[in-house]
Each structure stands twice: as C-alpha cells, then as structure tokens.
Amino acid sequence: MFLQQRSTIIIFLFSLLLIHLPKFFTTPDYPCKPPHSHYPFCNISLPISTRTTSLISLLTLSDKINQLSNTASSISHLGIPSYQWWSEALHGIATNGPGVNFNGSVKSATNFPQVIVSAAAFNRSLWFLIGYAVGVEGRAMFNVGQAGLSFWAPNVNVFRDPRWGRGQETPGEDPMVGSAYAVEFVRGIQGVDGIKKVLNDHDSDDDGLMVSACCKHFTAYDLEKWGEFSRYNFNAVVNTYQPPFRGCVQQGKASCLMCSYNEVNGVPACASKDLLGLVRNKWGFEGVGILPQTVMLWLLFLSIKSMQNLPKMLLLMFLKQVFFYVFENLWFCMDINCGTFMLRHTESAIEQGLVKEEDLDRALFNLFSVQMRLGLFNGDPEKGKFGKLGPQDVCTPEHKKLALEAARQGIVLLKNDNKFLPLDKKDRVSLAIIGPMATTSELGGGYSGIPCSPRSLYDGLKEYVKTISYAFGCSDVKCDSDDGFAVAIDIAKQADFVVIVAGLDTTLETEDLDRVSLLLPGKQMDLVSRVAAASKRPVILVLTGGGPLDVSFAESNQLITSILWIGYPVDFDAAGRLPMTWYPESFTNVPMNDMGMRADPSRGYPGRTYRFYTGSRIYGFGHGLSYSDFSYRVLSAPSKLSLSKTTNGGLRRSLLNKVEKDVFEVDHVHVDELQNCNSLSFSVHISVMNVGDMDGSHVVMLFSKWPKNIQGSPESQLVGPSRLHTVSNKSIETSILADPCEHFSFADEQGKRILPLGNHILNVGDVEHIVSIEIY
C-alpha cells in the first residue's frame, strides 16, 4: 500500500513538472512555420535584400506602422510573431529594459566589471572576449525565451566631464581608446569572429549575427542635469567626438545605432541630416537607427516652447510645420522609436502628407534586414547556428573566470608608498575592513544584471587572513553622520592591517544623476583620516565608483600608504591604468555645458581630458603603478617619414601661429588630401625590462607629442597600449603600430584633421624617439 501511494505521489509530481516545464524552458515563437513557410522571405537561398523586399511588399499600412516601436507587433496573416528590440547588455545581460527577464531557467548571468574598469585594462583581446561571452549568454537566454536579440550596448560616448553620472558606462576620455573598445566589443558580441568558433568553420564568410549590438548615444552626450540644462534640452557645440562611433560602424560593423538625447550645434541629434547622413552615406551604416525614449516628445517641445503666445490658428499651422520637420528628418535618419509616439502619429502624418509610405519602407528594410541576419526568418531556431546554446552556456566557469580576470586587469594602483602592497598572503594576520561598501555585493554599477556568484570585498579578503573584523563607519555611501566612527576607530586600533573602502555608488552617479562635487561624499574624508590616525600601521584606501575623485588629502597623507581604485568590479587586485583624468575639486567651477576641449586662458578655461587640459590634476590619464619596476628601450622605429609634394588637393599649405608675439610658419597637410595615408604606418618595437622582484602584468603606453608651436594641438595623444606579462629581471619585446595620419594628426578648430610637418616625439615612460615628417 505504501509503495503504491509513493508511486502515485511520484507520478503526480512528475506530471506537475511536465505541466510547468514549458514556463521554465520556453522557446521563442518564430516566423516561417507551416503554413507560412512558402513565402519568399522564408527562402534562405535568396539574398537577404530580396527576402526583405518581398516581406515588405506583403505588409499593409497598419502592419508597417505597428513595427515602428521597440515592441514590434505580430503580423498574424504572415505568421510573424512580435519582437522586442529593447534588451540591455552593457557589461553582461542586464535587467534594464523589457526584453530580459530572469524568471525562467536562467536565474543569473555573468556580470563583468563596469565598462570603465574593463577599459582600464587597456587590453583589446579582453574587450573582444567580454563581448563574445555576453553575446553567447544573450543568445542562450533568447533560446529559452528570456531575452531579445537586440542589445543596446556599448555606450561609447567620450567621458568628457568627470561629474557625468554615466561616465562609468564608457571606455573613458580618449576617443581612440573608445573606438578600439567599440570595435572589439561589437565584433565579439555580434559574433563576427565568434560565429566561426561556434560553428568550427574557419572558412565561413557568413554575414549572420549572434546578437545585434547598438552603439549609443550618437553624439556628444555626457550631461544628465546641470543647473538649467538637462540631456533633453542641452545643445552641445562641438566639431569632433566621432572616432568611437566611426570605429563602431566601419570596423566593428555594428548593426544598430542609437542617436543622442541632446542637440548638436543647434540641431537635435536624432533629427540631424548632417550627422546621421554622415553615418549612412559616408560610413556605410546599414543597420537599425533607434530613437531613445521620450526624445520625440522633447523634439516637439523644443520647437514650440517659444511659440506659446501665438494665436491658436497660427499655433496649429506652426505645429503642422513642426511635425513635418520632425518626421522628414527622422525618417531620413531613424527607424524605430523607443516608445509609442510613431505608433500613434505616423498614420496621421501620412494622411497629411508629412510622411510617405516609402519612407516607412526604407525603415522597415533596415529593421527586417537585421532580423534576417539574426536568423529569425530561417525557420526553427533550435536547428539554426546557435540553436544549441542554452542555460548551460550562461554563468559558465570560463565566463566567471574571464570576469575575474577583467577585474584584476582593470583595477588601478594609484599610490603605494614603500612598496607596502602586495601583502604576503602567507602571513596569517588580522584585518579590519571599514566602510559602507565593504560588505555589499551590489558593486556592478549602472545597467547591471543578476550576477552568478555575488561576493563582497569582505568575502574576498577573509579567505587570506587569520581574523577579519568589520565596521561600516558610515551607514551608507552618502555618509551624513559620524555615529559609526567610534566603532570603526576601535577595530582599526586592534587589527594588524586596515582596509578602508570609500567612494561612490549608483545612488550618487548614474543615469539622470550627475555629481556636483569631486570630493568623497559627506563625512567619508573625515572617516578615512581618523581611522588612518588610529591604526597601528598605515592604512590601505580602496575607492569604488566610476567617476574621478579628488583624494589629494589621501595622496599627501603618509598614514595612507596605498590607494586602489576598483571602480565597479567583481573582485579586486591591481594591474590597470586610469582611462580618465582625475581632476581637483576646483574643476567643478567649469560649466558642464561648455563642450570646448581646448584650453582658453583668456577666460580661465583649463580645457578637458588629458589631450587638452592644462590645469593641475590628482592623477593623470594612464596613471597606474605596478608592484614591480620597469625600464624601456625603443629598439626600432623610423626617424624620418617623407610625403609627396602632391596631395589629393594638389596643394602644400602653411599654418600661421602667434606664440609670444613671434610668428612661426609651420607647414602641414590636411589628412583627407593625402593620397596614401595607410602607407605611412609603421611599428615601434619596444623592449620592456622588469627590473623589480615580482613577476606580473604591465601595460606599456606609447604617446605622441606635436611640435611645440602648433596652435590648437593636443598636449599628447595615446598611440597605443600593449599589455604584457613580465618576469622579474627579464626583458620582453612588444610592438605598437603607429599611424601618422591618425596618431600624429589632430582636428583643428574647424574640425579638419591636419598633419603637421617637422619633429614628432614618441615617448614611452621617460624614453623619447623623434620622428620627422617632411615633404620631398
């Protein structure tokens, strides 16, 4: 009887499992199933352009309009299910947006360090591998119905102002680093090379996509809210900022581009024919254009805010012209709206002659072409290229190991007096860890997901010490009270070593929230100083957050022997370099809405980023100490480069520049007039000697400098980094490619790239090499 009852219970439970299994392993619906598989757009032997054109020809006007939102409606008479364009994957599959959920068989995903930390590794292959891992997990989650295939990442805006709340999401302040990051991450996540790995087909020239990457926000966006300015009403007056987006499109082959919230030179970025025409017509972009949420309404508001006192009839006439302007420009540039504005107003716009149906067809061609490349119209996705990816491919040991390695490579050692770090892990000592962020596992930063194996800094450190004690010091990162100081000071007195965790979190810097100060928040500075004064030994300061901090008090305090910036990591060690300048608090006097890069002494303007900033700094771009010491030698590089007298324009130009009332004539050429720019590239071969006692990772950084008398030239320019593993008391060689048309040129105040003639200085560490550029 008992056995019979047990069997009945088991059968009952098993039947329940079968009933609920689909909700845990839900496969996405897909087009081209019988009886709709006979349509030409389902024929995979035809070119994608032919299939896409055929599909559009079968759509009604209502069908077309209902595709113009991030939530594209189903087309039932063709058997096409709905599609969600909005998923996020900035540094791992994120919870932001409607496309992703963690309510099924996948409960978490690999959370890589925030982008600013990965950028600090200065490691292109690492950026590709992160992108590829994120793409695999994204496709795996799509296969079980928990994600879309269009991920709105990466964010490659230039981190121009240290107060920007979203600077943490970017690769930093250098346009060329931003471009390199964009190229590698996009190629990785879209599977440009990864497809060959999945298929084990190294001869494949397939144009298919594992997932679709969307580079954002084009362009000149790095302000959330400052005074009367917000990202929606801010006019960025600029002549550059394009390298990251150009690299994203031309080299990375991104299949999606999101325009920015702000205006650029007086025209809304999302309605600029000049900007977005450049992307499509000159850069060859063939993907989807995304209009961010709320931007459409703001475009209309910008246009009518000065017309509120007009008579009603004139106002209505004006509104009609506004709609015409907005729709005419948007349909030239953008394809879908993140929201419902286009769904609600496009039909009316067509009836009024503001938009033509062929404008919709152009947008739909871009949309469906990308879906075709994703394989969404190739039949059952389980039988497709990526059909075998599933929950077993998310949070894999390989991906978690990669995330840990990314954190180790990106964390920066800012100060290390008397080689205090690293501590000997063999010494079983007592440790006090102090600070409100020390025990939290929520250090992922903006656009994070649910991590596989969340750990706090406390968890990581306790494995290496005999005893560990903790005090929060401040109740939260804002540190408005010193009520917890006494306990923190008491445990600091008892411990052999003290680690203080201070800095920022996303309650102080994030989307829609810029900082007003570069100092440590609230009473954090007082906490650090008082604990350091009470400790037996000098203390270790660990800084969290993505934005630069003025910690000059700690840099000059001998009781604070070491400082580590860990950003938003997944673990902590130190082997990175800063991808942004750390400014003093006085920089907050610079208006955030002033986008000028070059210094202007006449108005007390210090410039921005390491390339143009002339003021004092706490730490410079590229700063990062090592646990060992290194010396360099330039083994080989040309001393002279010769240009033909004849350029594409047939001219030899000269530049006049006044320096201390003297006039110098400096010859230069415009880069776009050079006939064979690529032929000028050369490799700089460098020997790196580890002269210290420890093996370890090291980032070599090669910079270029211009002749001193070139008006408007940057202070310096990163030519390239090279990350190496070095062995104590041994040398290793590396090569860095220098492209004079890119690394020796700069954009003048009109936005034209010029290549000065004369002596250019290459420097690595304290070693310099001169390369002279001449015309023959």
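The values are calculated or read from the model by the stated rules, or taken from the named source; none is laboratory data. These numbers come from a predicted model, not from an experiment. With ideal geometry, Cβ positions are generated from the backbone for all residues, glycine too; neighbour counts draw on all protein chains shown. Note: areas computed on protein heavy atoms with side chains; ligands, DNA, RNA excluded. Shrake-Rupley method; radii C 1.70, N 1.55, O 1.52, S 1.80 Å.
Flag: V659 matches the condition of being among the β-branched types (V, I, T), at pLDDT below 85 and open to solvent by 20 Å² or more (accessible area, probe 1.4 Å). Taken together, the criteria exclude R428 from residues that are under 26 Å from the mean Cα position of the chain (by Cα), among the charged types (D, E, K, R) and modelled with pLDDT under 95. If you go through the stretch 725-745 and keep only what is surrounded by fewer than 18 Cβ atoms within 10 Å (Cβ to Cβ) and under 18 Å from A180 (Cα atoms), you end up with S735, L737, D739.
This table checks each residue for (1) closer than 19 Å to F41 by Cβ; (2) part of a helix (DSSP H, G or I); (3) out of contact with any Leu (no Cβ under 8 Å at 6 or more places or on another chain).
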position	(1), (2), (3)
M342	no, yes, no
L354	no, no, yes
M372	yes, yes, yes
G379	yes, no, yes
E398	no, yes, yes
Q409	no, yes, no
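Among the residues of the stretch 697-715, those that are within 27 Å of the chain's Cα centre (by Cα) and open to solvent by 20 Å² or more (accessible area, probe 1.4 Å) comprise S697, F703, K705, S713, E715.
Summed over the stretch 470-499, residues that are buried (at least 18 other Cβ atoms within 10 Å of the Cβ), not aliphatic (A, V, I, L, M) and not in a loop (DSSP other than H, G, I, E, B) total 3.
Of all residue pairs spaced 6 or more apart or on separate chains, those with beta-carbon atoms under 7 Å, a first member in the stretch 451-466 that is in a helix (DSSP H, G or I) and a second member that is open to solvent by less than 70 Å² (accessible area, probe 1.4 Å) and of a type in the set (S, T, N, Q) are Y458/T439. Do we have D361 as assigned by the TED database to the domain that holds P292, of a type in the set (D, E, K, R) and either surrounded by fewer than 18 Cβ atoms within 10 Å (Cβ to Cβ) or at pLDDT 95 or above (or both) here? For D361, the condition - assigned by the TED database to the domain that holds P292, of a type in the set (D, E, K, R) and either surrounded by fewer than 18 Cβ atoms within 10 Å (Cβ to Cβ) or at pLDDT 95 or above (or both) - is met. Taking the criterion of being open to solvent by 70 Å² or more (accessible area, probe 1.4 Å), within 23 Å of F553 (Cα to Cα) and outside any loop (DSSP other than H, G, I, E, B), would at least one residue in the stretch 505-523 satisfy it? No: zero hits.
Test G79 against the criterion of being at pLDDT below 95, closer than 30 Å to E357 by Cα and open to solvent by 10 Å² or more (accessible area, probe 1.4 Å), and give yes or no. Criteria not met by G79. Among the residues here, I754 qualifies as among the hydrophobic types (A, V, I, L, M, F, W, C) and crowded, with 19+ Cβ neighbours inside 10 Å. Beta carbons closer than 8 Å, at least 6 apart along the sequence or on distinct chains, pair a first residue in the stretch 392-412 that is among the polar types (S, T, N, Q) with a second that is open to solvent by 40 Å² or more (accessible area, probe 1.4 Å) for Q409/S697; Q409/R723.
The C-beta contact set for the stretch 503-526 (first residue within 19 Å of Y261 (Cβ to Cβ), second residue among the aromatic types (F, W, Y), distance under 7 angstrom, 6+ apart or interchain) comprises D514/W164; D514/W226. Counted as qualifying within the stretch 54-143 are the helices (runs of 4 or more DSSP H) with 1 or more residues that are in the same structural domain as D361 (by the TED database) and without any contact (Cβ under 8 Å) to a residue 40 or more places away in the chain, namely 61-65.
As an exercise: evaluate S448 against (1) open to solvent by 40 Å² or more (accessible area, probe 1.4 Å); (2) under 30 Å from N101 (Cβ atoms) and give the number of the one condition it does not meet. It is condition (1) that S448 fails.
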